[in-house]
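Input: a single structure, listed below in C-alpha coordinates.
The values are calculated or read from the model by the stated rules, or taken from the named source; none is laboratory data. Bear in mind the structure is a predicted one, so any value in this text is a computation, not a measurement. Cβ: placed from backbone, ideal geometry, glycine included. Neighbour counts: every protein chain shown. Please note that ligands, DNA and RNA were not included when accessible areas were found on the heavy atoms of the full protein model with its side chains. Shrake-Rupley method; radii C 1.70, N 1.55, O 1.52, S 1.80 Å.
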Amino acid sequence: MIDCIPFVQRRERLMQQIGSGIAVLATAPERVRNRDSHFPYRFDSHFYYLSGFTEPEAVIVLLAATNRAILFCRDKDMEREIWDGFRYGPAAAAETFGFDEAYSISELDERLPKLMANQPVLHYALGADSGWDQRVLGWLNSVREQARSGVAAPAEIRDVRVLVDAMRLIKDDFEIDLMRRSAAIACGAHRRAMLATRPGGYEYQVEAEILHEFRSHGAQSPAYTSIVAAGANACVLHYVDNSASLHGGDLLLIDAGCELDGYASDITRTFPVNGRFSGAQRDIYELVLAAQAAAIATINPQSHWNSAHEAALRVLAQGMIDFGLCHGSVDGVLESGDYRRFYMHRTGHWLGLDVHDVGDYKQHGEWRDLQPGMVLTVEPGCYIRPADDVPEAYWNIGIRIEDDVLVTAGGAEVLTAAAAKTVAEIETLMQQRQTPEWPGAL
(Lines give C-alpha, C1' and ligand atoms only; values in the text may rest on other atoms or scores of the structure.)
Protein backbone atom coordinates (compact mmCIF):
# COMPACT_ATOMS: atom_id res chain seq x y z
CA MET A 1 0.00 0.00 0.00
CA ILE A 2 1.23 3.50 -0.88
CA ASP A 3 1.04 6.09 1.85
CA CYS A 4 0.03 9.21 -0.06
CA ILE A 5 -0.28 11.45 3.01
CA PRO A 6 3.34 12.76 3.02
CA PHE A 7 3.07 13.68 -0.65
CA VAL A 8 -0.32 15.37 -0.19
CA GLN A 9 1.09 17.37 2.72
CA ARG A 10 4.08 18.50 0.67
CA ARG A 11 1.85 19.70 -2.17
CA GLU A 12 -0.28 21.63 0.31
CA ARG A 13 2.80 23.21 1.89
CA LEU A 14 4.09 24.26 -1.50
CA MET A 15 0.75 25.80 -2.46
CA GLN A 16 0.68 27.70 0.83
CA GLN A 17 4.12 29.12 0.09
CA ILE A 18 3.16 30.01 -3.48
CA GLY A 19 0.06 31.81 -2.23
CA SER A 20 -1.29 32.51 -5.68
CA GLY A 21 -0.60 31.36 -9.18
CA ILE A 22 -0.05 28.03 -10.89
CA ALA A 23 2.84 25.58 -10.56
CA VAL A 24 3.76 23.10 -13.28
CA LEU A 25 6.25 20.28 -12.72
CA ALA A 26 7.01 17.49 -15.20
CA THR A 27 8.72 14.21 -14.46
CA ALA A 28 11.83 12.99 -16.28
CA PRO A 29 11.56 11.50 -19.77
CA GLU A 30 12.55 7.99 -20.64
CA ARG A 31 16.06 7.80 -22.13
CA VAL A 32 17.18 5.60 -25.01
CA ARG A 33 20.30 3.59 -24.21
CA ASN A 34 20.86 2.29 -27.71
CA ARG A 35 18.58 1.60 -30.66
CA ASP A 36 15.28 0.42 -29.11
CA SER A 37 16.62 -0.27 -25.60
CA HIS A 38 16.03 2.23 -22.78
CA PHE A 39 17.95 2.99 -19.62
CA PRO A 40 16.08 1.85 -16.49
CA TYR A 41 13.57 4.61 -15.82
CA ARG A 42 14.22 7.04 -12.99
CA PHE A 43 11.66 9.74 -12.20
CA ASP A 44 12.47 13.42 -11.63
CA SER A 45 13.23 13.98 -7.94
CA HIS A 46 11.17 17.19 -7.56
CA PHE A 47 8.21 15.56 -9.27
CA TYR A 48 8.43 12.44 -7.12
CA TYR A 49 8.84 14.47 -3.91
CA LEU A 50 5.46 16.08 -4.56
CA SER A 51 3.62 13.10 -6.01
CA GLY A 52 5.05 9.68 -5.11
CA PHE A 53 4.20 8.77 -8.70
CA THR A 54 6.91 6.80 -10.53
CA GLU A 55 5.59 6.46 -14.09
CA PRO A 56 7.03 8.46 -17.00
CA GLU A 57 4.98 10.93 -19.06
CA ALA A 58 3.41 12.71 -16.13
CA VAL A 59 2.91 16.32 -15.01
CA ILE A 60 1.75 17.91 -11.76
CA VAL A 61 -0.28 21.12 -11.82
CA LEU A 62 -0.94 22.99 -8.58
CA LEU A 63 -3.46 25.84 -8.33
CA ALA A 64 -2.60 27.62 -5.11
CA ALA A 65 -5.60 29.93 -4.76
CA THR A 66 -8.08 27.05 -4.87
CA ASN A 67 -5.73 24.43 -3.33
CA ARG A 68 -6.22 22.07 -6.28
CA ALA A 69 -3.67 19.41 -7.15
CA ILE A 70 -3.98 17.90 -10.62
CA LEU A 71 -2.07 15.00 -12.15
CA PHE A 72 -1.68 14.32 -15.87
CA CYS A 73 -0.49 10.79 -16.65
CA ARG A 74 -0.67 8.00 -19.20
CA ASP A 75 -3.99 6.34 -19.91
CA LYS A 76 -4.78 2.87 -18.70
CA ASP A 77 -3.84 0.66 -21.65
CA MET A 78 -4.13 -3.09 -21.26
CA GLU A 79 -2.37 -3.80 -24.55
CA ARG A 80 0.69 -1.71 -23.59
CA GLU A 81 0.67 -3.27 -20.13
CA ILE A 82 1.23 -6.65 -21.75
CA TRP A 83 4.50 -5.30 -23.14
CA ASP A 84 5.64 -2.74 -20.58
CA GLY A 85 3.89 -3.49 -17.30
CA PHE A 86 1.25 -1.96 -15.07
CA ARG A 87 -0.09 1.56 -15.54
CA TYR A 88 -2.35 3.32 -13.06
CA GLY A 89 -4.29 5.45 -15.47
CA PRO A 90 -5.74 8.82 -14.38
CA ALA A 91 -8.63 7.58 -12.22
CA ALA A 92 -6.62 5.11 -10.13
CA ALA A 93 -3.65 7.48 -9.91
CA ALA A 94 -5.79 10.29 -8.50
CA GLU A 95 -7.23 8.00 -5.84
CA THR A 96 -3.95 6.28 -4.96
CA PHE A 97 -1.78 9.40 -4.76
CA GLY A 98 -4.32 11.81 -3.31
CA PHE A 99 -4.82 14.20 -6.23
CA ASP A 100 -7.99 16.22 -6.55
CA GLU A 101 -8.17 15.54 -10.28
CA ALA A 102 -6.31 13.51 -12.88
CA TYR A 103 -6.43 13.55 -16.67
CA SER A 104 -4.80 11.83 -19.59
CA ILE A 105 -1.43 13.24 -20.55
CA SER A 106 -2.85 13.52 -24.07
CA GLU A 107 -5.11 16.34 -22.78
CA LEU A 108 -2.24 18.44 -21.41
CA ASP A 109 -1.94 20.88 -24.32
CA GLU A 110 -5.69 21.45 -24.36
CA ARG A 111 -6.16 21.96 -20.63
CA LEU A 112 -3.01 23.87 -19.57
CA PRO A 113 -3.87 27.18 -21.30
CA LYS A 114 -7.28 27.11 -19.57
CA LEU A 115 -5.66 26.41 -16.21
CA MET A 116 -3.10 29.19 -16.74
CA ALA A 117 -5.76 31.77 -17.61
CA ASN A 118 -5.97 34.63 -15.08
CA GLN A 119 -3.20 33.19 -12.93
CA PRO A 120 -0.85 35.98 -11.78
CA VAL A 121 2.32 33.89 -11.59
CA LEU A 122 3.61 30.75 -13.27
CA HIS A 123 5.92 28.70 -11.05
CA TYR A 124 8.00 26.56 -13.38
CA ALA A 125 11.63 25.39 -13.73
CA LEU A 126 12.49 27.54 -16.74
CA GLY A 127 15.68 26.39 -18.42
CA ALA A 128 15.70 22.87 -16.99
CA ASP A 129 14.49 21.30 -20.24
CA SER A 130 14.36 23.14 -23.56
CA GLY A 131 11.57 20.93 -24.90
CA TRP A 132 9.32 21.73 -21.95
CA ASP A 133 10.30 25.40 -22.16
CA GLN A 134 8.96 25.56 -25.71
CA ARG A 135 5.78 23.83 -24.70
CA VAL A 136 5.18 26.15 -21.75
CA LEU A 137 5.81 29.20 -23.92
CA GLY A 138 3.24 27.85 -26.35
CA TRP A 139 0.67 27.64 -23.57
CA LEU A 140 1.48 31.15 -22.42
CA ASN A 141 1.11 32.53 -25.93
CA SER A 142 -2.19 30.72 -26.30
CA VAL A 143 -3.46 32.50 -23.18
CA ARG A 144 -2.08 35.86 -24.35
CA GLU A 145 -4.06 35.54 -27.57
CA GLN A 146 -7.22 35.76 -25.45
CA ALA A 147 -6.37 39.21 -24.08
CA ARG A 148 -9.19 40.94 -26.01
CA SER A 149 -11.62 38.58 -24.29
CA GLY A 150 -10.42 39.81 -20.91
CA VAL A 151 -8.27 36.78 -20.19
CA ALA A 152 -4.87 37.52 -18.62
CA ALA A 153 -1.76 35.38 -18.88
CA PRO A 154 0.70 35.02 -15.98
CA ALA A 155 2.77 38.21 -15.92
CA GLU A 156 5.66 36.59 -14.08
CA ILE A 157 7.54 33.29 -14.14
CA ARG A 158 9.24 32.17 -10.93
CA ASP A 159 11.55 29.19 -10.51
CA VAL A 160 9.54 26.61 -8.59
CA ARG A 161 12.78 24.82 -7.70
CA VAL A 162 13.72 27.54 -5.21
CA LEU A 163 10.80 26.64 -2.95
CA VAL A 164 11.00 22.88 -3.49
CA ASP A 165 14.76 22.85 -2.89
CA ALA A 166 14.22 24.50 0.50
CA MET A 167 11.50 22.01 1.38
CA ARG A 168 13.60 19.02 0.39
CA LEU A 169 16.56 20.19 2.46
CA ILE A 170 14.66 19.48 5.71
CA LYS A 171 13.67 15.83 5.74
CA ASP A 172 10.36 14.78 7.27
CA ASP A 173 9.89 11.61 9.34
CA PHE A 174 8.80 9.64 6.27
CA GLU A 175 12.04 10.52 4.47
CA ILE A 176 14.26 9.94 7.49
CA ASP A 177 12.84 6.44 7.91
CA LEU A 178 13.63 5.64 4.27
CA MET A 179 17.13 7.05 4.60
CA ARG A 180 17.81 4.96 7.68
CA ARG A 181 16.71 1.87 5.76
CA SER A 182 18.78 2.81 2.72
CA ALA A 183 21.79 3.35 5.01
CA ALA A 184 21.28 -0.02 6.67
CA ILE A 185 21.29 -1.82 3.32
CA ALA A 186 24.43 0.01 2.24
CA CYS A 187 26.15 -0.84 5.52
CA GLY A 188 25.41 -4.50 4.85
CA ALA A 189 26.87 -4.17 1.37
CA HIS A 190 30.14 -2.75 2.70
CA ARG A 191 30.34 -5.56 5.23
CA ARG A 192 29.81 -8.08 2.44
CA ALA A 193 32.50 -6.39 0.36
CA MET A 194 35.04 -6.62 3.17
CA LEU A 195 34.28 -10.29 3.70
CA ALA A 196 34.53 -11.00 -0.02
CA THR A 197 37.80 -9.15 -0.66
CA ARG A 198 41.06 -11.06 -0.87
CA PRO A 199 44.18 -11.04 -3.01
CA GLY A 200 43.73 -12.56 -6.45
CA GLY A 201 40.27 -11.16 -7.08
CA TYR A 202 39.17 -8.20 -9.15
CA GLU A 203 37.51 -4.91 -8.35
CA TYR A 204 34.45 -5.85 -10.40
CA GLN A 205 33.96 -9.03 -8.38
CA VAL A 206 33.75 -6.96 -5.20
CA GLU A 207 31.37 -4.58 -6.97
CA ALA A 208 29.17 -7.57 -7.84
CA GLU A 209 28.95 -8.49 -4.15
CA ILE A 210 27.86 -4.94 -3.34
CA LEU A 211 25.18 -4.92 -6.04
CA HIS A 212 23.96 -8.31 -4.87
CA GLU A 213 23.47 -6.99 -1.34
CA PHE A 214 21.66 -3.89 -2.56
CA ARG A 215 19.14 -5.74 -4.68
CA SER A 216 18.61 -8.69 -2.37
CA HIS A 217 17.48 -6.32 0.38
CA GLY A 218 15.03 -4.39 -1.75
CA ALA A 219 17.04 -1.40 -2.97
CA GLN A 220 16.02 -0.66 -6.53
CA SER A 221 19.47 0.37 -7.74
CA PRO A 222 22.83 1.83 -6.78
CA ALA A 223 22.47 5.51 -5.90
CA TYR A 224 25.43 6.21 -8.22
CA THR A 225 28.09 4.22 -10.05
CA SER A 226 30.03 2.38 -7.37
CA ILE A 227 33.72 3.19 -6.95
CA VAL A 228 35.81 0.10 -6.20
CA ALA A 229 39.38 1.33 -6.37
CA ALA A 230 42.41 -0.75 -5.41
CA GLY A 231 45.94 0.53 -4.86
CA ALA A 232 46.80 3.61 -6.95
CA ASN A 233 43.25 3.71 -8.33
CA ALA A 234 42.10 5.00 -4.95
CA CYS A 235 43.90 8.26 -5.72
CA VAL A 236 41.47 8.85 -8.62
CA LEU A 237 38.48 10.51 -6.97
CA HIS A 238 35.82 9.34 -9.44
CA TYR A 239 37.38 6.06 -10.54
CA VAL A 240 34.61 3.77 -11.87
CA ASP A 241 36.40 1.38 -14.23
CA ASN A 242 36.45 -1.27 -11.47
CA SER A 243 38.51 -3.70 -13.56
CA ALA A 244 41.88 -3.98 -11.82
CA SER A 245 43.16 -6.95 -9.87
CA LEU A 246 43.48 -6.97 -6.08
CA HIS A 247 46.94 -7.37 -4.57
CA GLY A 248 47.97 -8.11 -1.02
CA GLY A 249 49.50 -5.04 0.53
CA ASP A 250 47.18 -2.65 -1.31
CA LEU A 251 44.23 -0.76 0.10
CA LEU A 252 40.76 -0.98 -1.46
CA LEU A 253 38.60 2.15 -1.43
CA ILE A 254 34.87 1.52 -1.91
CA ASP A 255 32.45 4.41 -2.36
CA ALA A 256 29.03 2.83 -2.78
CA GLY A 257 25.46 3.52 -1.74
CA CYS A 258 22.02 2.34 -2.76
CA GLU A 259 18.72 3.97 -3.68
CA LEU A 260 15.65 2.81 -1.80
CA ASP A 261 12.29 4.21 -2.93
CA GLY A 262 14.15 7.19 -4.34
CA TYR A 263 16.38 7.92 -1.33
CA ALA A 264 20.16 7.58 -1.46
CA SER A 265 22.79 6.35 0.92
CA ASP A 266 26.44 7.21 0.35
CA ILE A 267 29.23 5.38 2.20
CA THR A 268 32.96 5.16 1.67
CA ARG A 269 35.23 2.72 3.42
CA THR A 270 38.90 1.99 2.80
CA PHE A 271 40.52 -1.23 3.98
CA PRO A 272 43.49 -3.53 3.27
CA VAL A 273 43.00 -6.23 0.66
CA ASN A 274 44.88 -8.74 2.84
CA GLY A 275 43.01 -7.76 5.99
CA ARG A 276 45.89 -6.00 7.78
CA PHE A 277 46.97 -2.36 7.58
CA SER A 278 50.66 -1.71 7.10
CA GLY A 279 52.28 0.90 9.34
CA ALA A 280 52.12 3.68 6.73
CA GLN A 281 48.55 2.76 5.75
CA ARG A 282 47.50 2.82 9.38
CA ASP A 283 49.11 6.25 9.89
CA ILE A 284 47.16 7.87 7.06
CA TYR A 285 43.99 5.96 7.86
CA GLU A 286 44.01 7.06 11.49
CA LEU A 287 44.61 10.63 10.34
CA VAL A 288 41.56 10.61 8.05
CA LEU A 289 39.48 8.90 10.73
CA ALA A 290 40.45 11.57 13.26
CA ALA A 291 39.56 14.28 10.75
CA GLN A 292 36.16 12.71 10.22
CA ALA A 293 35.54 12.42 13.97
CA ALA A 294 36.43 16.10 14.42
CA ALA A 295 34.06 17.04 11.60
CA ILE A 296 31.13 14.98 12.92
CA ALA A 297 31.63 16.46 16.39
CA THR A 298 30.80 19.91 15.00
CA ILE A 299 27.44 18.91 13.55
CA ASN A 300 24.53 20.34 15.54
CA PRO A 301 21.92 23.09 15.13
CA GLN A 302 24.35 25.65 16.59
CA SER A 303 26.85 25.11 13.75
CA HIS A 304 26.96 26.19 10.12
CA TRP A 305 27.55 24.13 7.00
CA ASN A 306 31.29 24.77 6.76
CA SER A 307 32.10 23.92 10.40
CA ALA A 308 32.71 20.25 9.59
CA HIS A 309 35.01 21.07 6.69
CA GLU A 310 37.01 23.55 8.78
CA ALA A 311 37.44 21.02 11.60
CA ALA A 312 38.53 18.25 9.22
CA LEU A 313 41.01 20.53 7.47
CA ARG A 314 42.83 21.45 10.67
CA VAL A 315 43.30 17.80 11.63
CA LEU A 316 44.41 16.83 8.13
CA ALA A 317 46.84 19.74 7.86
CA GLN A 318 48.50 18.86 11.17
CA GLY A 319 48.83 15.22 10.11
CA MET A 320 50.29 16.16 6.75
CA ILE A 321 52.92 18.21 8.56
CA ASP A 322 53.64 15.36 11.00
CA PHE A 323 54.14 12.89 8.13
CA GLY A 324 56.32 15.21 6.07
CA LEU A 325 53.77 15.78 3.32
CA CYS A 326 53.42 19.51 4.06
CA HIS A 327 55.72 21.91 5.86
CA GLY A 328 55.23 24.86 8.18
CA SER A 329 52.45 25.66 10.62
CA VAL A 330 48.85 24.46 10.39
CA ASP A 331 47.63 27.99 9.74
CA GLY A 332 50.31 28.44 7.10
CA VAL A 333 49.39 25.21 5.31
CA LEU A 334 45.70 26.16 5.37
CA GLU A 335 46.35 29.69 4.15
CA SER A 336 48.64 28.60 1.32
CA GLY A 337 46.39 25.72 0.29
CA ASP A 338 49.35 23.30 0.24
CA TYR A 339 47.06 20.61 1.68
CA ARG A 340 45.06 20.56 -1.57
CA ARG A 341 47.75 18.46 -3.17
CA PHE A 342 46.60 15.59 -0.95
CA TYR A 343 43.03 16.65 -0.13
CA MET A 344 41.35 18.43 -3.01
CA HIS A 345 37.62 18.10 -2.31
CA ARG A 346 35.26 19.36 0.34
CA THR A 347 34.15 17.34 3.35
CA GLY A 348 30.54 16.64 2.41
CA HIS A 349 27.33 17.43 0.59
CA TRP A 350 23.59 17.31 1.18
CA LEU A 351 21.99 13.88 0.77
CA GLY A 352 18.43 12.83 -0.01
CA LEU A 353 16.52 12.02 -3.19
CA ASP A 354 19.69 12.97 -5.04
CA VAL A 355 23.14 11.85 -3.95
CA HIS A 356 24.31 15.46 -4.22
CA ASP A 357 20.99 16.71 -2.97
CA VAL A 358 19.40 20.10 -3.50
CA GLY A 359 19.72 23.03 -1.12
CA ASP A 360 21.87 26.12 -0.87
CA TYR A 361 25.08 25.93 1.12
CA LYS A 362 25.15 29.67 1.68
CA GLN A 363 22.45 32.22 2.42
CA HIS A 364 23.07 35.93 1.88
CA GLY A 365 26.77 35.20 1.44
CA GLU A 366 27.14 33.32 4.74
CA TRP A 367 27.42 29.59 5.36
CA ARG A 368 24.00 28.15 6.06
CA ASP A 369 23.14 27.24 9.65
CA LEU A 370 22.41 23.56 10.23
CA GLN A 371 18.87 22.59 11.23
CA PRO A 372 17.30 19.37 12.51
CA GLY A 373 16.19 17.22 9.59
CA MET A 374 19.11 18.06 7.32
CA VAL A 375 21.14 15.07 6.12
CA LEU A 376 24.71 15.47 4.93
CA THR A 377 27.73 13.33 4.21
CA VAL A 378 31.03 13.71 6.06
CA GLU A 379 33.87 12.42 3.88
CA PRO A 380 37.42 13.63 4.46
CA GLY A 381 40.21 11.90 2.59
CA CYS A 382 43.90 11.85 1.79
CA TYR A 383 45.30 10.86 -1.61
CA ILE A 384 49.05 10.54 -1.99
CA ARG A 385 50.56 10.10 -5.44
CA PRO A 386 54.25 9.26 -5.92
CA ALA A 387 56.56 12.27 -6.00
CA ASP A 388 60.19 12.99 -5.21
CA ASP A 389 59.27 15.09 -2.17
CA VAL A 390 56.84 12.52 -0.75
CA PRO A 391 58.05 9.73 1.56
CA GLU A 392 57.96 6.54 -0.49
CA ALA A 393 56.14 4.60 2.23
CA TYR A 394 53.05 6.72 1.51
CA TRP A 395 53.03 6.42 -2.27
CA ASN A 396 49.69 5.39 -3.83
CA ILE A 397 47.81 5.45 -0.53
CA GLY A 398 44.32 6.78 -1.19
CA ILE A 399 41.90 6.87 1.74
CA ARG A 400 38.40 8.29 2.11
CA ILE A 401 35.98 7.63 4.96
CA GLU A 402 32.39 8.72 4.44
CA ASP A 403 29.26 8.52 6.56
CA ASP A 404 25.71 9.86 6.29
CA VAL A 405 24.75 12.15 9.16
CA LEU A 406 21.33 13.41 10.24
CA VAL A 407 21.23 16.72 12.10
CA THR A 408 19.07 16.30 15.21
CA ALA A 409 17.84 18.71 17.87
CA GLY A 410 20.54 17.40 20.19
CA GLY A 411 23.40 17.07 17.74
CA ALA A 412 23.86 14.41 15.09
CA GLU A 413 22.92 10.82 14.27
CA VAL A 414 25.32 8.84 12.08
CA LEU A 415 22.95 6.81 9.92
CA THR A 416 25.77 4.59 8.61
CA ALA A 417 27.47 3.84 11.92
CA ALA A 418 26.96 0.09 11.45
CA ALA A 419 29.61 -0.08 8.71
CA ALA A 420 32.95 -1.14 10.24
CA LYS A 421 35.26 1.86 10.38
CA THR A 422 37.99 1.71 13.01
CA VAL A 423 41.19 -0.21 12.30
CA ALA A 424 40.25 -2.78 14.94
CA GLU A 425 36.71 -3.22 13.58
CA ILE A 426 37.92 -3.68 10.01
CA GLU A 427 40.73 -6.11 10.84
CA THR A 428 38.50 -8.14 13.16
CA LEU A 429 35.77 -8.38 10.53
CA MET A 430 38.17 -9.42 7.79
CA GLN A 431 39.55 -12.21 9.98
CA GLN A 432 36.14 -13.87 9.52
CA ARG A 433 36.82 -14.58 5.85
CA GLN A 434 36.51 -18.32 5.42
CA THR A 435 38.71 -19.09 2.42
CA PRO A 436 42.16 -17.79 1.53
CA GLU A 437 41.51 -17.43 -2.18
CA TRP A 438 38.93 -16.05 -4.58
CA PRO A 439 36.05 -16.63 -5.43
CA GLY A 440 34.70 -14.43 -2.69
CA ALA A 441 30.97 -14.94 -3.20
CA LEU A 442 29.23 -15.39 0.14
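Once neighbouring chains are kept in place and the probe is 1.4 Å, which whole percent of the accessible area of the range 199-267 is contributed by carbon and sulfur? Walk me through the intermediate numbers first.
Numbers: 1300 of 2450 Å².
Ligands and nucleic acids excluded, carbon and sulfur reach 53 percent.
Taking a virtual spin label 7 Å from the Cα of His327 along the C-beta vector, which residues in the range 362-393 bring their backbone nitrogen under 19 Å of it? Answer for the range 362-393: 385-393. Excluding Glu203 itself, calculate the net charge of residues whose Cβ lies under 13 Å from the Cβ of Glu203, where each Lys or Arg counts +1 and each Asp or Glu counts -1. Combined, the nearby Lys, Arg, Asp and Glu give -4. Per the Debye calculation on the range 270-341 with a single equal scatterer at every Cα and no solvent contribution, log₁₀ I(q)/I(0) for q = 0.11, 0.21 Å⁻¹ amounts to -0.32, -0.91.
The value of relative contact order for the range 90-244, using C-alpha pairs under 8 Å at least six residues apart, is 15 percent. Each peptide in 15-27, 357-369 gets a packing score, the mean of other Cβ atoms within 10 Å over its residues, and the list from highest to lowest is 15-27, 357-369. Amide H contacts for Thr416 (H built 1.01 Å from N in the peptide plane; partners 5 or more residues away or on another chain; cut-off under 5 Å): Asp404.
Globularity index of the range 341-392 is 1.60 (Cα radius of gyration / 2.2 N^0.38 Å, N = number of residues).
Ile2 to Glu101: extension gain in nm, 0.36 nm per residue of separation minus the Cα-Cα distance?
Result: 33.8 nm gained on full extension.
For the range 25-116, the ratio of Cα radius of gyration to the globular rule of thumb 2.2 N^0.38 Å stands at 1.12.
Against the chain, whose longest principal axis is taken from its Cα atoms, helix 173-196 shows a tilt of about 40°. Note on the range 61-85 and the range 297-326: Cα centroid distance 49 Å, given to the nearest whole angstrom. The separation of the range 368-419 from the range 91-115, counted between C-alpha centres, amounts to 45 Å. With the cut-off at under 17 Å, measuring from each backbone N in the range 188-220 to a point 7 Å along the Cα-to-Cβ line of Arg433 picks out 189-210.
Each residue of the range 251-264 was assigned a 3J(HN,Hα) from its phi angle through the Karplus curve 6.51 cos²θ - 1.76 cosθ + 1.60 (θ = phi - 60°); the sequence is 8, 10, 9, 10, 10, 8, x, 10, 10, 10, 6, x, 9, 9 Hz, with glycine and proline shown as x. Potential lengthening of the chain between Val162 and Met344 amounts to 62.6 nm, from the contour at 0.36 nm per residue minus the alpha-carbon distance. Between Ala102 and Leu71, the built amide H atoms are under 5 Å apart, and every one of these is 5 or more places off in sequence or on another chain. Hand me the GluC sites (Glu not before Pro) from the range 100-169 located in a DSSP loop with no more than 16 other Cβ atoms within 10 Å, in residue order please. Hits after loop and neighbour filter: Glu145. A Cβ-based charge dipole, computed about the Cα centre of the chain with Lys and Arg at +1 and Asp and Glu at -1, lands at about 260 debye. Here the extension length gained between Ala418 and Gln302 equals 39.1 nm, from 0.36 nm per residue of separation less the Cα-Cα distance. Taken over the range 175-280, the alpha-carbon convex hull comes to 91 cubic angstrom per residue. Within the shell of other residues whose beta carbon sits under 11 angstrom from the beta carbon of Ala229, the net charge comes to -4, with Lys and Arg scored +1 and Asp and Glu -1. Going by accessible surface with a 1.4 Å probe and the largest first, Thr197, Thr225, Thr96 read Thr225, Thr96, Thr197.
Peptides 276-282, 30-36, 229-235 ordered by packing proxy, namely the average of other Cβ atoms within 10 Å per residue, highest first: 229-235, 276-282, 30-36. Amide H to amide H distances under 5 Å link Asp250 with Val273, Asn274, where only residues 5 or more positions off or on other chains count and H is placed in the peptide plane. Between Gln134 and His212, the C-beta separation translates, for a Förster distance of 51 Å, into a calculated FRET efficiency of about 0.70. Packing here is the average count of other Cβ atoms within 10 Å per residue, and on that basis the peptides 177-186, 403-412, 296-305, 132-141, highest first, run 177-186, 403-412, 296-305, 132-141. Taken one residue at a time, the phi angles of the range 143-151 give Karplus couplings (6.51, -1.76, 1.60, θ = phi - 60°) of 5, 4, 5, 9, 4, 5, 8, x, 8 Hz. Gly and Pro are set to x. Phi angles across the range 202-215 convert, under the Karplus curve 6.51 cos²θ - 1.76 cosθ + 1.60 with θ = phi - 60°, into 3J(HN,Hα) values of 10, 4, 5, 5, 5, 4, 4, 5, 5, 4, 4, 5, 4, 5 Hz, Gly and Pro given as x.
Ellipticity at 222 nm from helices only: DSSP H runs of n ≥ 4 in the chain, each -39500 (n - 2.57), divided by the residue count, give -11000 deg cm²/dmol. For the chain, the relative contact order comes to 14 percent (Cα pairs under 8 Å, sequence separation of at least 6).
Heavy atoms of the protein chains alone define the surface here; on that basis the chain has 45 Å² accessible area per residue at 1.4 Å probe size. Placing a label point 7 Å from the Cα of His356 along the Cα-to-Cβ direction, the residues of the range 332-346 whose backbone N falls under 11 Å of that point are 346.
The residues neighbouring Arg400, those whose beta-carbon lies less than 10 Å from its own, together hold a net charge of -2 under the Lys/Arg +1, Asp/Glu -1 convention.
Relative contact order for the range 54-169: what percent, with Cα pairs under 8 Å and sequence separation of 6 or more?
20 percent
Select from Ser104, Ala155, Met116 the residue farthest towards the positive end of the dipole of the range 76-160; place +1 on Cβ of Lys and Arg, -1 on Cβ of Asp and Glu, and compute about the Cα centre. Positive-end residue among those listed: Ala155. Protein-only accessible surface at a 1.4 angstrom probe places the residues Asp100, Asp250 in the order Asp100, Asp250, largest first. Taking the Cα-to-Cβ direction at Thr408 and at Val236 and moving 7 Å from each Cα, how far apart do the two end points lie in nm? That separation, rounded to one decimal, is 4.0 nm.
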